[in-house]
1. What single numbered condition from (1) under 21 Å from the mean Cα position of the chain (by Cα); (2) open to solvent by less than 70 Å² (accessible area, probe 1.4 Å) fails to hold for ASN50?
2. Quick test for you: out of LEU193, LEU177, pick the one residue that is surrounded by fewer than 21 Cβ atoms within 10 Å (Cβ to Cβ) and out of contact with any Ser or Thr (no Cβ under 6 Å at 6 or more places or on another chain).
3. Among helices (runs of 4 or more DSSP H) lying entirely in the stretch 232-312, which contain 3 or more residues that are at pLDDT 95 or above and either touching an Asp or Glu at 6+ places or on another chain (Cβ under 9 Å) or surrounded by 12 or more Cβ atoms within 10 Å (Cβ to Cβ) (or both)?
4. Being open to solvent by 80 Å² or more (accessible area, probe 1.4 Å) and either in contact with a Ser or Thr (Cβ under 6 Å, 6 or more places away or on another chain) or free of Cβ contacts under 8 Å to residues at least 40 places away in the same chain (or both) is the filter here, so list the residues in the stretch 5-35 that pass it.
5. Before we move on, is LYS38 of a type outside the set (Ser, Thr, Tyr) and surrounded by 11 or more Cβ atoms within 10 Å (Cβ to Cβ)?
6. Evaluate the stretch 170-187: report whether one residue or more is within 11 Å of the chain's Cα centre (by Cα), under 28 Å from ILE30 (Cβ atoms) and not in a helix (DSSP H, G or I).
Amino acid sequence: MEFNQKKIRKYYSELGFRYIAGSAILLLLILGIAFLVKKFFPEWLGSIQNILLVEMLPRFLIGYPIMVFIITRMPKAKVIEEHKMPTGKFFIAFIMAYALMLVINMAYTIPSSIINVVMEGVGFKNINPLANVVTGTNIFLQIILMVIIAPICEELIFRKLLIDRAVKHGEGVAVVLSGVLFGLFHGNLAQGLYATGLGMFFGFIYVRTGRIRYSIFLHMIINFLGSVIASLVLKYSAISQLLVSDDILGWFLENKAGVILYLGYSILVWGIVIAGVVLWIVFRRRFYLVPVEDNIPKGKRFSTVVINKGMIVYIAFWVGYAIFSFVRNMV
């Protein structure tokens, strides 16, 4: 079939505009409600739990449904064939996904920590904004919002709805677009980096299986380990007290159970990282993409899928928001 770049570019521009429209409405909704609560019920913002509710409830109850409505007005381009993923392969996928997230997160955290030390004199903190939420919210709320609802909404919007429309012109295009748009949507570098990597991996799983439940379950497990389990370990190991203790040896002697808990968790995490890296090396050749009839020729994909009005506006919007948030943390 003859390649019509103008027509295909227009198609992805429309897709980009639908995602930026949903994103803008979502962000304005969150900021607007936060402003009203701060103005009329300032006492409500006295705890991290309430701040989380003010941001998350409008997102889940109003913002995401609006995004779904806007995106689904654009018809599906292709029905992805469904395949079952055996339990063993799902477990392998989990190890690979969790290791991928941890490796990318460490690649960000190490230089970020150095920047924090260098910039400490000007009051700068280059942190992951999710960190305070994890350590300051009760476990039940974390499970409901971050382990159950968030993965379902995000996988439907950035995997199923996006890939069903983007895969028309190549699985690679759909997978990469799914990860990049998902990463940008987080609005900050710390989460955006590993969200992009995970988004591509989840996108690959969806195009191979055609069943969104697999990426939803993987997303849930990773969020559970990263929020609930991590916060429990931090709480019951009391490891944060070590950083402010004047008697490190005394702290170790008085908190043997906490030390064992933290060391056990750390060994488990590093074990998953090592296992995941090995699995990525072993199974690297299994990451294949099936050609489609309307595949965009090599050398034309970026200029066709990204260099169009809709996608440029989406990218500019979220990059601008990330820069604004970054600068605000320096104040």
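1. (1)
2. Unique residue meeting the criteria: LEU193.
3. 256-282
4. Passing the criteria: LYS6, LYS7, LEU28, LEU31, PHE35.
5. yes
6. Looking through the stretch 170-187, at least one residue is within 11 Å of the chain's Cα centre (by Cα), under 28 Å from ILE30 (Cβ atoms) and not in a helix (DSSP H, G or I).
Okay, residues lined up against (1) assigned to a helix (DSSP H, G or I); (2) among the charged types (D, E, K, R); (3) within 19 Å of the chain's Cα centre (by Cα):
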{"site": "SER23", "(1), (2), (3)": "yes, no, yes"}
{"site": "LEU29", "(1), (2), (3)": "yes, no, no"}
{"site": "LYS38", "(1), (2), (3)": "yes, yes, no"}
{"site": "LEU45", "(1), (2), (3)": "yes, no, no"}
{"site": "LEU57", "(1), (2), (3)": "yes, no, yes"}
{"site": "MET101", "(1), (2), (3)": "yes, no, yes"}
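The values are calculated or read from the model by the stated rules, or taken from the named source; none is laboratory data. Here the structure is a predicted model, which means the values were calculated and not measured. Positions of Cβ are generated from backbone atoms using ideal geometry, with glycine treated the same way; all protein chains shown enter the neighbour counts. Side chains included, ligands, DNA and RNA excluded: accessible areas come from the protein's heavy atoms. Shrake-Rupley method; radii C 1.70, N 1.55, O 1.52, S 1.80 Å.
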